[in-house]
Amino acid sequence: MGDLERQIRRLRKRVRRLEALHEQHDDNPSANDLPDLVYLLDVNHYQGKIDGSEALAAGNVGCIVKATEGQDWQQPALVEQANAAASAGMLLGFYHYATLGVGGADDAEREADDFLAAIADLPPADLPLWLDLEEIKGEISKADAKAWVTTWLDIVDEAHPGGAGLYTSARKVRDIIGDVSGLENYAYWLPRYGSNDGTLEGSSLPDLPAGVDGWQIWQYTSKHDDPGVEKHTDRNVARVDWLTSLPGITAGKLAALIGDTSQPNFADLPR
């Protein structure tokens, strides 16, 4: 796919999302009554079983589940965890752990296709579908790594109404793909833990990759103890203004998920 064709397809999809956002705001005039941020969990098979109802009652409005890694590997608890979150009504998302440099130039297409196939029969994702970019598994240049990431994101973004996003950090962007030019319009999920004591207060805001205006999700701890999860897990905060821009996530839906639980505002973030 040429650069011009790719840009045209992205613009068309962005227009469709803006049209959906306009309809959502027409139907949900209470968006300004919501908190600035909401809590989300993300889980892998290490976390074991999850009880979506308990996790939701503890203030987690959504859950992002690891689906696949590399080629031909599916997370063994994927189906159970996804169904547990969805059956409780939590916002659902999925992510794929990238293995750049293992094989040939078509690896990105294969990993994207395998990922989409793994989640095809699961409850549909409300959140974007994420590429977890953390390391290089073999020999690959930064230019080729960036082309790999771009290909994966383009395929998944085109396939999913909620689009695609990148889980990474400023340092990993520099070390693996060099920069995010051409990728600025994707959603960004950034980790940074600070003291990693499980609290928002003990955390540190993430550095932004150059060219990225802000994060949509911040993973602030890997040591959250949650009544709905067997073992300690990652916890995140997501921007409500971004969530309500996604297809199908209205202010009314978020308000129902939040209920009477306590959620953070920008003023609660560490300085």
Subset of region 162-185 [surrounded by fewer than 20 Cβ atoms within 10 Å (Cβ to Cβ) and in a helix (DSSP H, G or I)]: Ala170, Arg171, Lys172, Arg174, Asp175
Going through (1) surrounded by fewer than 20 Cβ atoms within 10 Å (Cβ to Cβ); (2) in contact with a helix residue (DSSP H, G or I) (Cβ under 8 Å, 6 or more places away or on another chain); (3) assigned to a helix (DSSP H, G or I) one by one, Lys231 fails only at (3)
So the check is Cβ under 6 Å with 6+ separation or different chains; which pairs have a first residue in region 66-93 that's among the charged types (D, E, K, R) and a second one that's at pLDDT 95 or above? Lys66/Asn44; Lys66/Gln75; Lys66/Tyr95; Glu69/Tyr97
Only one of Thr233, Thr244, Thr261 that is at pLDDT 95 or above and in contact with a Gly (Cβ under 6 Å, 6 or more places away or on another chain): Thr261
Which condition from (1) crowded, with 16+ Cβ neighbours inside 10 Å; (2) out of contact with any strand residue (DSSP E or B) (no Cβ under 7 Å at 6 or more places or on another chain); (3) not hydrophobic (A, V, I, L, M, F, W, C) is the one that Tyr188 breaks? (2)
Among the numbered criteria (1) touching a residue at least 60 places away in the same chain (Cβ under 8 Å); (2) under 19 Å from the mean Cα position of the chain (by Cα), which single criterion is violated by Pro209? (1)
What residue, among those in region 198-228 that are charged (D, E, K, R) and more than 30 Å from Gly89 (Cβ to Cβ), is surrounded by the fewest Cβ atoms within 10 Å (Cβ to Cβ)? Asp213
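The values are calculated or read from the model by the stated rules, or taken from the named source; none is laboratory data. If you're wondering where the values come from, they're calculated on a predicted model, not measured in any experiment. When we count neighbours, we look across all protein chains shown, and the Cβ atoms used for this are built from the backbone with ideal geometry, even at glycine.
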